[in-house]
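Notes follow the structure.
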Amino acid sequence: MVAPQGAEVFRPTTAGPFVTFTALTTPRGYLLFQPILSVSPTRGAYDARERYTPFSEDESEHCAALSLFMEYGVLDRLAVGAQLAVLHNRRREVAERASSTGMSDTLLFARGVLLSETPGARPEVTLQAQVKLPTGREASARNTLLDTDVRGTGNVDLTVGVDVTKGLRPVLLHLEVLYTRALEARVGGVDTRYGDTFSWSAAGEWPFLQERYALMLEVSGIHQGPTRLDGVQEAEGSLGEVMVGAGVEVLFSEDLQFLVGYQRVVWGRNTAAVDAFTVTLIPTY
């Protein structure tokens, strides 16, 4: 997005972070069409006491995800979009091996600009609303698949949040805060109510070499309350993770950018310890 003529707002063209939505929406009448390829090996797991245990030599787990993120500018201050993804999961446990490919859950969203950035202290602020639809399989078809065919949660999630972007020369800063309410659903024959989720992320982008390239740093976190199965709270308790990431952006033009980078879960509770290698291209039409 380009700043109006005469304005002093620092708003360079960038690819944007991996996780964080920028407060800058797609301009009216334009379509952002973003394929994302991510390969994520799991190196171990964090337990309920936040202790990390690496996989043994007889265990391995990998996920390759091909996602398509789309956003269309409906009005000057309103954009709508969706994200679809296909996952390929592979798992090995001692002598057993399994793999599966299929669609994961689908995200629909709308974003409206509440405040426009000014040359002074005021940032760009956008309100966001999301609906996650259970389009991915939530329960394994058979034991021999080692849960590789589980690609969704089986329920609808409703999310609201705020995105903030501010240009502070020479960097562009982004902040996102989201709250998710999971609707109760029947998952694998059990009445399931996932805990409410608070998630946050912050990122910075530094364009250099006449704004032809940029470096991106990002940190994000997820904190989810305990799940209830048939009205009984699971003993493992809450789930959480903190992930850090870094990337390099190639800024071909205002309408085409490229981003490649790496993300790593550095802290967790009842979650997998994952590394992610991601490549994405961001064309706007």
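Looking at segment 18-54 only, could you name the residues that are assigned to a loop (DSSP other than H, G, I, E, B) and either touching a Gly at 6+ places or on another chain (Cβ under 6 Å) or surrounded by fewer than 16 Cβ atoms within 10 Å (Cβ to Cβ) (or both)? Lay out the reasoning, then the answer.
Our first condition is that a residue be assigned to a loop (DSSP other than H, G, I, E, B); within segment 18-54, this holds for 18-27, 29-30, 47-51.
Residues satisfying the conditions are F18, T22, T26, P27, G29, Y30, D47, A48, R49, E50, R51.
Please go through segment 119-149 and pick out each residue that is in contact (Cβ under 8 Å) with a residue 60 or more places away in the chain and either out of contact with any Lys or Arg (no Cβ under 8 Å at 6 or more places or on another chain) or in a loop (DSSP other than H, G, I, E, B) (or both).
Filtering segment 119-149 for residues in contact (Cβ under 8 Å) with a residue 60 or more places away in the chain gives 119, 123-126, 128, 149.
Within segment 119-149, P119, P123, V125, D149 meet the criteria.
Of all residues being of a type outside the set (G, A, S) and exposed (fewer than 14 other Cβ atoms within 10 Å of the Cβ) in segment 116-137, which is farthest from the chain's Cα centre (by Cα)? Just the residue, please. Can you show your working first?
First, pick out the residues of segment 116-137 that are of a type outside the set (G, A, S): 117-119, 122-128, 130-135, 137.
Next cut, exposed (fewer than 14 other Cβ atoms within 10 Å of the Cβ) only: 118-119, 122.
On the way: T118: 28, P119: 30, R122: 26 Å.
Top of the filtered list is P119.
Provide a single number: the residues in segment 200-222 that are within 23 Å of L107 (Cβ to Cβ) and open to solvent by 20 Å² or more (accessible area, probe 1.4 Å).
Qualifying residue count, segment 200-222: 4.
Out of curiosity, is A65 surrounded by 15 or more Cβ atoms within 10 Å (Cβ to Cβ) and touching a Lys or Arg at 6+ places or on another chain (Cβ under 6 Å)?
On the way: surrounded by 15 or more Cβ atoms within 10 Å (Cβ to Cβ): yes; touching a Lys or Arg at 6+ places or on another chain (Cβ under 6 Å): no.
It is false that A65 is surrounded by 15 or more Cβ atoms within 10 Å (Cβ to Cβ) and touching a Lys or Arg at 6+ places or on another chain (Cβ under 6 Å).
Could you tell me whether segment 64-73 includes any residue that is assigned to a strand (DSSP E or B), over 26 Å from N155 (Cβ atoms) and at pLDDT 95 or above? Write out each step before concluding.
We begin by selecting, within segment 64-73, every residue assigned to a strand (DSSP E or B); these are 64-73.
Still in the running and over 26 Å from N155 (Cβ atoms): 72-73.
The next check asks that each one be at pLDDT 95 or above; those that pass are 72-73.
Yes, segment 64-73 contains a residue that is assigned to a strand (DSSP E or B), over 26 Å from N155 (Cβ atoms) and at pLDDT 95 or above.
Taking V190 and the conditions (1) aliphatic (A, V, I, L, M); (2) open to solvent by 40 Å² or more (accessible area, probe 1.4 Å); (3) within 16 Å of the chain's Cα centre (by Cα), which numbered condition does it fall short on, given that it satisfies the others?
(3)
Name the residue, out of L183, L168, L175, that is open to solvent by 20 Å² or more (accessible area, probe 1.4 Å), under 21 Å from S238 (Cβ atoms) and not acidic (D, E).
Working: L168 fails: under 21 Å from S238 (Cβ atoms); L175 fails: under 21 Å from S238 (Cβ atoms).
Answer to the check: L183.
The values are calculated or read from the model by the stated rules, or taken from the named source; none is laboratory data. Every value quoted in this text rests on a predicted model; they were computed, and no experiment measured them. Positions of Cβ are generated from backbone atoms using ideal geometry, with glycine treated the same way; all protein chains shown enter the neighbour counts. Accessible surface areas use protein heavy atoms only, side chains included; no ligands, DNA or RNA. Shrake-Rupley method; radii C 1.70, N 1.55, O 1.52, S 1.80 Å.
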